[in-house]
């Protein structure tokens, strides 16, 4: 790196804790893409790849620790989704492009560039594979290390005919796609791959060992709703079925394959009703529990950087809780967590010898900072801040709370108060900010949108309504068939509790959200119009029958996407009245409050037609509506310019419809 920074922990904390400025940061300080988005360490621990850069000019910086100078790969406005080392001399840079396929459908394609340590693009994985050009993503499943590493990457290939030739004829009449998932062993320099495994028409993915051999395969028959987890131990050639079920959630309990143990990790029900991580040996089939049973939370694993063995079991209600399986890594995490008390420390990578570590440190009120920790030297060095313009800015304080829904279900939530506000609030104006998904969640982390709203003087409530992921399968399934029902009353019950406690003014509440959160905002404005002064939808759903039809057009009538949405909505095309009753675009009335609609014209997740349909319905009913199109943007607010524009539009809309200081 151009300058080796070596500070003690106390000095680092002192430097990052300087007196804050009283000036409110502009929208661009929150809306920018992170100056440091992610950091990857090479297996030997002597090189770093840092993805980030200026708001409109993304870069990957390659640096050797303890050496001056760095190489820079300039990506400009290319969307980047990640970076990871492949051996010591090459890194993969994930990119995303928007491309139309045919006359009607457009998709977001993710691809992997191979870049050397000097910042030069060497190849693009599977670029010459004709069938793989149709793959929405090409996930990297493993790396075979060596002087010239091989990458196991998932793509597509044509189904073989019975005569053994490759063609496009369907193998069975109910098959819906002549292409099958295929595992390639790709050369990093050439980018081309040879077929390592060709899946069945039902195969969705694999897990591989360090030699690049597939050890786990997941098959899903979307027509018959059959799900299989197949395995083969080292030294075996034939697949055997470990799990066969017609319940997708049973397959979702699979956590991964451990090369060091030749075993798979899964979650199963514990005797006390909680969840338990277990290890199943592929050779002997022996099932053994790992860690303690967990209640009321999903469970995951933290894997070592080479994905060869799990190092921790992690669960999260308010914030992540780790049960360390690797005491070396756990000791480092514990030491850094004590040093950065009150913040969440994530170890995102470490050297093969477990001497050097990369840590991301953040909290809801502290933007992420990345560090290099050297255990042998007992040195910690800051690598960069995600939001440098916010370093000295006053930010809101976030706390965890729970409240009872009207049917007695306990709903968790995060509440962020404006900077300087007392803990008890005091009849503040409130923004309800429901997350997307709906099977998603907010976390104990810096939320640029929530903090932006808080710095404008609003209390921000982020309810983890029923249907949210992360709080156990029972809680998640409780949201099915409740899009316009109990999910929405969960939000209202949170407002009522804060009003009862005197924190917020129930007469000054707006609802703001994106994706499913955008649907909730529109549902609030139409199904519960007297509860909210205004609503903001960003890339939100407004017409459920239309959405299902769009999904069929884009992905087919037997697609995973359609099956998921039908499961979530709890209906089929034979019951359109149920969908119509909870479709905001079909429920506009004279009571509907002012609405701001924001959408990206290249959104391939929720069609722009959903926002356009809502705009037309509001206009026809004579209700106030403002529409903002984010040109060139997708579903994810993927550029600094569009994020900032969205925030500026929201700020102006709220100032008009929910002023922090009421007139008079």
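Every read-out reported here was derived from the displayed coordinates using simple, explicitly stated rules and does not represent laboratory data. Please read these numbers as outputs of a predicted model, since none were measured by experiment. Here the Cβ positions follow ideal geometry from the backbone for every residue, glycine too, while neighbour counts run over all protein chains shown.
Miscellaneous remarks
- Dividing the convex hull volume of the alpha carbon atoms of the chain by its residue count gives 161 Å³ per residue.
- Estimated Rh, the stretch 587-631: Kirkwood, alpha-carbon pairs, angstrom: 10.9
- Beta bridges assigned by DSSP with both partners in the chain are antiparallel in approximately 85 percent of cases.
- Taking the inverse of the mean reciprocal distance over all distinct Cα pairs, the Kirkwood hydrodynamic radius of the stretch 30-137 comes to 14.8 Å.
- Alpha carbon Rg of the stretch 78-150, scaled by the compact-globule rule 2.2 N^0.38 Å: 1.20
- Here the stretch 329-470 carries DSSP beta bridges of which approximately 90% are antiparallel, counting only pairs with both residues inside.
- Order of 111, 210 - criterion: other Cβ atoms within 10 Å of each residue's Cβ, fewest first: 210, 111
- Prolate/oblate/rounded label for the stretch 589-664 (Cα gyration tensor, a/c 1.5): oblate
- Dividing the summed -39500 (n - 2.57) terms of all DSSP H runs of n ≥ 4 by the residue count of the chain sets its mean residue ellipticity at 222 nm at -5500 deg cm²/dmol.
- Computed from the Kirkwood radius of its Cα pairs, the Stokes-Einstein diffusion coefficient for the stretch 236-390 at 20 °C and 1.002 mPa s stands at 123 µm²/s.
- Scattering from the stretch 327-427 was approximated by placing one identical point on each alpha carbon and applying the Debye formula without solvent; log10 I(q)/I(0) at 0.22 1/Å stands at -1.12.
- Note that the stretch 271-351 shows a convex hull volume over its alpha carbon atoms of 110 Å³ per residue.
- Given R0 = 35 Å, the distance between the Cβ atoms of residue 124 and residue 376 translates into a calculated FRET efficiency of 0.40.
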